[in-house]
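Here the structure is laid out as structure tokens; the discussion comes afterwards.
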Protein chains: 2
Amino acid sequence: MNVQIRLFQALADPARLGIVETMKTGERAVGDIVERMNIHQSGVSRHLRILSEAGLVQMRPDGQKRLYSLRKEAFDQIDTWMAGYRRHWEKRLDRLGEALEGRHALRARHQEKS
Amino acid sequence: MNVQIRLFQALADPARLGIVETMKTGERAVGDIVERMNIHQSGVSRHLRILSEAGLVQMRPDGQKRLYSLRKEAFDQIDTWMAGYRRHWEKRLDRLGEALEGRHALRARHQEKS
DNA sequence: GAAATATATACACAATAAGATATATACATG
DNA sequence: CATGTATATATCTTATTGTGTATATATTTC
């Protein structure tokens, strides 16, 4: 539960969300990101550190450049978090389905009242 | 793209993430949330407004109480956002799968180099 | 090994946001 | 309609965070 907070905090900044978007299709050097964003190099560097500490990106040196890319595991964690919520809607949908099919009709009608 | 930022910003605060968790299993009155969280009533109220403006929760008056609950649509939006990223990993996995099966072996080996 | 290129860090400043206290609004009940 | 209960808002204070400038570190090239 403490894990996701860092992920959400990392994604909660417009600049960082833009940086993430820049890496959508693959690795990007810091300089490429600086060009595309309207932020100074130092800022991009700091944002990348936050994204890195949140586990959202990884880095691979390439000569004097550093190539950043997204980490699938971070997205998996968000998925896992959301799955805990989806479950409840699915349960409700199941009950709705049963009601529509005429099964458990009494219980369904009873819940409608409360 | 501007939509998700609000969602992430709303979820980026520990108190709000806790409030969301409180509503995991269904509706909650403001007072119930105040009891469970260690924040003053005014703070909870303000957090609920932020969650509401982000589209994460909805409200339904019940006498003098107000019952808040999660909005499935918000989670759908996050899913949609993430789907755009998953697509790329799936493509890569497909290519990996092809390579492992020996199909398109030449192309796979070529990409390995670059 | 000096200059150039690429990236990270330190620091100061401004803007934002969270928290508490006090107050306002809305509904319910006698 | 006065009182109590439930929630929202206004205001102040404090802490956090993003941004830019300047500087440090690392790598390549001549």
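Structure summary
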{"quantity": "Buried on assembly, segment B:1-17 (at least 20 Å² less accessible surface than by itself, 1.4 Å probe)", "calculated": "B:M1, B:I5, B:F8, B:Q9, B:L11, B:A12, B:P14, B:L17"}
{"quantity": "Chain A, closest residue to the rotation axis toward B, by beta-carbon, whole angstrom", "calculated": "A:A12, 2"}
{"quantity": "Chain pair A, B: total accessible area buried, heavy atoms, 1.4 Å probe, Å²", "calculated": "3000"}
{"quantity": "5 angstrom amide H check on B:V57, placed H, neighbours 5+ away", "calculated": "B:S52, B:R71"}
{"quantity": "Averaged over A:81-88, number of beta-carbon atoms from partner chains that fall within 10 Å", "calculated": "4"}
{"quantity": "Sequence-distant aspartates and glutamates (8 or more away, or on other chains) whose Cα lies within less than 14 Å of B:K65", "calculated": "B:E27, B:D32"}
{"quantity": "Cross-link pairs beyond the 31 Å C-alpha cut-off, checked among A:K24/A:K91; B:K24/B:K91; A:K24/B:K72", "calculated": "A:K24/A:K91; B:K24/B:K91"}
{"quantity": "For chain A: relative contact order, % (alpha-carbon pairs under 8 angstrom, 6 or more apart)", "calculated": "23"}
{"quantity": "Residues A:I50 and A:K72, FRET efficiency given R0 of 22 Å [Cβ-Cβ distance, rounded to 0.05]", "calculated": "0.70"}
{"quantity": "Å² of accessible area per residue within segment A:8-57, as computed with a 1.4 Å probe and no ligands counted", "calculated": "48"}
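The values are calculated or read from the model by the stated rules, or taken from the named source; none is laboratory data. Since we're looking at a predicted model, the values are computed, not measured. Because the Cβ atoms are built from the backbone with ideal geometry, glycine has one as well, and the counts that use them run over all protein chains shown. We work out accessible area using only protein heavy atoms, side chains counted, and drop any ligands, DNA or RNA first. Shrake-Rupley method; radii C 1.70, N 1.55, O 1.52, S 1.80 Å.
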